[in-house]
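Following: one structure in structure tokens, then a few remarks.
The values are calculated or read from the model by the stated rules, or taken from the named source; none is laboratory data. Worth saying up front: this structure is predicted, and the values here are computed from it rather than measured. Please note: Cβ atoms are built from the backbone with ideal geometry, for glycine as well, and neighbour counts cover all protein chains shown. For the accessible areas, the whole protein counts, side chains as well, though only heavy atoms, and no ligand, DNA or RNA atoms are used. Shrake-Rupley method; radii C 1.70, N 1.55, O 1.52, S 1.80 Å.
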Amino acid sequence: MPTPAELKAEILRLTREYSALMHTANRPAGAAAELLNDGSSLLGAETNNQQSATNNQPGWKPGQTIPYAGRVFDEDEVEAAVGATLDFWLTLGPEGEAFEKELAALLGVKHSLLVNSGSSANLVAFAALTTHKLPAHKRILPGDEVITVAAGFPTTVAPIIQLGAVAVFIDNDPVTGNIRPEQLESAFVAGKTKAVMIAHALGNPFDVGAILEFCRKHDLWLVEDNCDALGCTYSLPVERAKALGLDHLLKQAEANGAACAAQLLNDGCSLSSSETSNQQSTTNNLKIPFIKNGILTAYTGTFGDLSTQSFYPPHHLTMGEGGAVNIISRPPLKTYAESFRDWGRDCWCASGKDDTCNKRFGWQLGELPKGYDHKYIYSHLGFNLKPLDPQAAIGRKQLKKLPAFIEARKRNWETLRAGLAEVDDVLDFTLPTHAVRWIPPAERQGAAQLKGGKVEALKGSESGSVQQFNGSTSQPGEAFDFAACFEWDQSGCRTDTSWFGFMLRVKPGAPFSHTDLARHLDEKKIGNRMFFGGNLLRQPVFVQLRKDRPESLRLVGSHGSTIQPINDATIRAAFPGADAIMHEAIFLGTYPGLTAEMLAYEIQVICDFVKAKLGCAPVVK
């Protein structure tokens, strides 16, 4: 009779066979598939050895749906989920603990705390800043103000209002999608403003240098909503990083540089062992954060005090549902965030563990009798927002694929941008923060040859100006040189964006609206979305909030002071950027399940639509 271990091994073997047959449509595609299969040094040995079926994705044909996002996985994740379920530790347990450590190590933060969604992560992160255990001048109390941005996803803003603070809105820059940092000072009120809580829009890092400078000047918390930006980086001069107090990143960067140099001396090759490869930078074999030529580069989600992640299927990696709170450099915040996540309890023992403090029955808190069980002492009005252990098992496998997913998103964005260049008379396109211009491929050094990939005409297209980044590399595993695609400002800062989506805006003078374009794409089964909630101030919930709880909002925008009265005209005048995004913007997918054929079809459909609206003859198939 087989042993339990033998039975489990056979179940998992059959699970892999089943997944290979049933989940072909969910496999990494295009650039991600190439990176996962070519022995890339971006990836770990375990991942490379188990990708034999990745290229078996069924062929896509025009007329079939192109999702804007979706789950991308293979047998590894399915096996991990089934294996964890067989172990039947259902609540957050050993897989969750391992995932938290691996995510924290990847980002270079003190701790990562798993929760059940990105929205819950925002709620827990903000709640941690309301604890009575913080110094009085740092604690966010009801009526205190938190600066945020008008256009975006509602659950970046919701926790501010749900927990009794006042959300102070400033405008977006429609070119980047991000907050306009020049409006921060006009939104600040001494003694009232306690924090800034904003997202990196569609994975485009906000101006970290300017935001941090403002927060340091006024001793404010910074909460980075990093849900759409896992794997994106921000670079700034070392001297500015020192002035901004980024000691935690500078120390890590110096240590990473020393470790890389030592490794190179030892074996004469790049760091690519299975233990470290999934945490490697794709830039010159340096682990992030790193310093090069006097510039510090670090992941978004590591600059503020707290940051958040989402692992919902459209995001950079998925656990089905799930999210995380990253405690960047202040360990006590972990205790507070964990308490709010876990019912508000004072005890920090993990599930299934007792007495890690060695004084379970030795506490006296509140008005409870001395010796009351610490596991049932509550310091906060908390929640229960933990995910399941099998979800974390899935997430651990996804982490190993993350470098390829990051690269694929960059390449897919560039493919769309190059392909749609011919219609930029009626469409505007996002620029990464600190970029001033996208450089067409023909203008770049080497014309059609890019470091990390080639740009060539799309096969099968009669529109000769449509370009396709096909993901091939001059050397296996070499990273796409994102910086070479843009001209940059003089700040010395740059962003390297693993895009959540490809945002385009229909120019006001175009003979069609963004709704017309979105409707046409929908008819062609091309997934697209508007920029989340658009100008949130115009959403029904916020219109009602202005009636029910007017004290919970303060609107500043470009007005320079509090807007009174609040109506359509005053919002339009103070938030032209957020309104432009609402009226003009949609985004397409960049996720690693997209094939070159899908991207080519998206480009051709959009170009043909534009030409038809402009009175030109569309391409005939």
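Can you send over the solvent-accessible area of residue 240, 1.4 Å probe, protein chains only, in Å² to the nearest 10?
70
Once amide H atoms are placed 1.01 Å from N in the peptide plane, what residues at a sequence separation of 5 or more from residue 378, or on another chain, have their amide H within under 5 Å of its amide H?
Answer set, sorted by chain and number: 346.
Show that you can apply the helix-only estimate: for the chain, add -39,500 (n - 2.57) for every DSSP H stretch of four or more residues, divide by all residues, and state [θ] at 222 nm to the nearest 500. Working shown, then result.
Numbers: 18 runs with 215 residues, N = 621.
About -10500 deg cm²/dmol.
How many nm separate the modelled label positions at residue 384 and residue 6, each set 7 Å beyond the Cα in the direction of the Cβ?
Between residue 384 and residue 6, the label points sit 4.1 nm apart.
Which of the listed residues, 293, 196, 399, is farthest toward the dipole's positive end in the chain, when Lys, Arg count +1 and Asp, Glu count -1 at the beta-carbon?
So the residue we want is 196.
Given the whole protein assembly as supplied and a 1.4 Å probe, what does the accessible area of residue 95 come to in Å², nearest 10?
Approximately 50 Å² of residue 95 is accessible to the 1.4 Å probe.
What net charge is computed for the residues neighbouring residue 229, neighbours being all others with C-beta under 13 Å from the C-beta of residue 229, Lys and Arg scored +1, Asp and Glu -1?
Values: positive: 409, 410; negative: 224, 225, 228, 496.
Here the charged neighbours net out to -2.
Would you mind working out the accessible area per residue for the chain, using a 1.4 Å probe, and quoting it in Å²? Present the calculation step by step, with values, prior to reporting the outcome.
Numbers: 24760 Å² over 621 residues.
So the chain comes to 40 Å² accessible per residue, rounded to a whole number.
Rounded to the nearest 0.05, what FRET efficiency do residue 262 and residue 216 have when you use their Cβ-Cβ distance and R0 = 25 Å? If you can, show how the numbers build up before the last one.
Details: r = 34 Å, r/R0 = 1.34.
Efficiency at R0 = 25 Å is approximately 0.15.
Which Cα, out of 241, 86, 550, lies furthest along the positive dipole direction of the chain (beta carbon charges, K/R +1, D/E -1)?
550
So for the pair residue 343, residue 424, with labels modelled 7 Å out along Cα→Cβ, what separation do we get in nm?
Those two pseudo-labels are separated by 5.8 nm.
Classify region 489-551 as rounded, prolate or oblate from the Cα gyration tensor: take a ≥ b ≥ c as the square roots of its eigenvalues, call it rounded if a/c is under 1.5, otherwise prolate when a/b beats b/c and oblate if not.
Because a/c hits 1.5 or more and a/b fails to exceed b/c, region 489-551 counts as oblate.
Shape verdict for region 518-621, please, from the Cα gyration tensor: rounded (a/c under 1.5), prolate (a/b greater than b/c) or oblate.
Numbers: a/c = 3.43, a/b = 2.41, b/c = 1.42.
It is prolate, given that a/c is not under 1.5 and a/b is the larger ratio.
Let me check something: with ligands and nucleic acids excluded, how do 438, 363 order by accessible area (1.4 Å probe), largest to smallest?
Numbers: 438 20, 363 50 Å².
Largest accessible area first, the list is 363, 438.
Which of the lysines could be linked to residue 524 by a straight reach, that is with a Cα gap under 17 Å, when you skip same-chain ones fewer than 8 residues away?
Cα-Cα hits under 17 Å: 61, 611, 613, 621.
Would you please give the FRET efficiency between residue 98 and residue 561, computed as 1/(1 + (r/R0)^6) with r the Cβ-Cβ distance and R0 = 35 Å, to the nearest 0.05? Intermediate results must be reported in sequence, preceding the final value.
Values: r = 50 Å, r/R0 = 1.44.
For R0 = 35 Å, the calculated efficiency reads 0.10.
Can you put 247, 608, 522 in order of accessible area, largest first, using a 1.4 Å probe? List each step's numbers first, then the result.
Working: 247 80, 608 30, 522 110 Å².
Highest to lowest solvent-accessible surface, that is 522, 247, 608.
Highest mean first, what order results for 214-220, 544-550 on Cβ atoms within 10 Å? Mind showing how you got there, number by number?
Details: 214-220: 16.3, 544-550: 11.0.
My ranking of the peptides, most packed first, is 214-220, 544-550.
For residue 566, what is the net charge nearby, where nearby means another residue's Cβ is under 10 Å from its Cβ and Lys, Arg count +1, Asp, Glu -1?
On the way: positive: 546, 554; negative: 568.
Net local charge, residue 566 excluded: +1.
So, R0 is 30 Å and r is the distance between the beta-carbons of residue 14 and residue 523; what FRET efficiency does that work out to, to 0.05? It would help to have the intermediate numbers written out before the result.
Details: r = 42 Å, r/R0 = 1.39.
Given R0 = 30 Å and the Cβ-Cβ separation, E is 0.10.
Ordering 299, 312, 376 by how much accessible area each has at a 1.4 Å probe, largest first, what is the list? If you can, show how the numbers build up before the last one.
Numbers: 299 15, 312 105, 376 135 Å².
Ranking 299, 312, 376 by accessible area, largest first, yields 376, 312, 299.
So, in region 344-430, how many Lys pairs have Cα atoms under 19 Å apart, if the pair is 8 or more places apart or on different chains?
Total qualifying Lys-Lys pairs in region 344-430 comes to 7.
When a/c reaches 1.5 or more, the comparison of a/b and b/c decides; with that in mind, is the chain rounded, prolate or oblate per its Cα gyration tensor? Please list the in-between numbers first.
On the way: a/c = 1.56, a/b = 1.12, b/c = 1.39.
It comes out oblate by the Cα gyration axes.
Taking a label point 7 Å from the Cα of residue 85 along the Cα→Cβ vector, which residues of region 1-40 have an amide N closer than 16 Å to it?
8-23
Taking the Cα centre of the chain as origin, sum charge times position over the Cβ atoms of Lys and Arg (+1) and Asp and Glu (-1), and report the length of that vector in debye to the nearest 20. Walk me through the numbers before you get to the answer.
Working: 60 positive and 68 negative charges, 182 e Å.
Dipole magnitude for the chain comes out near 880 debye.
Please report, as a whole percent, how much of the solvent-accessible surface of the chain comes from carbon and sulfur atoms (probe radius 1.4 Å). Don't skip to the end; give the middle numbers.
Values: 13620 of 24760 Å².
After summing per-atom areas, the C and S share lands at 55 percent.
Using a 1.4 angstrom probe and counting only protein chains, how large is the accessible area of residue 192 in Å², to 10?
The accessible area comes out at roughly 80 Å².
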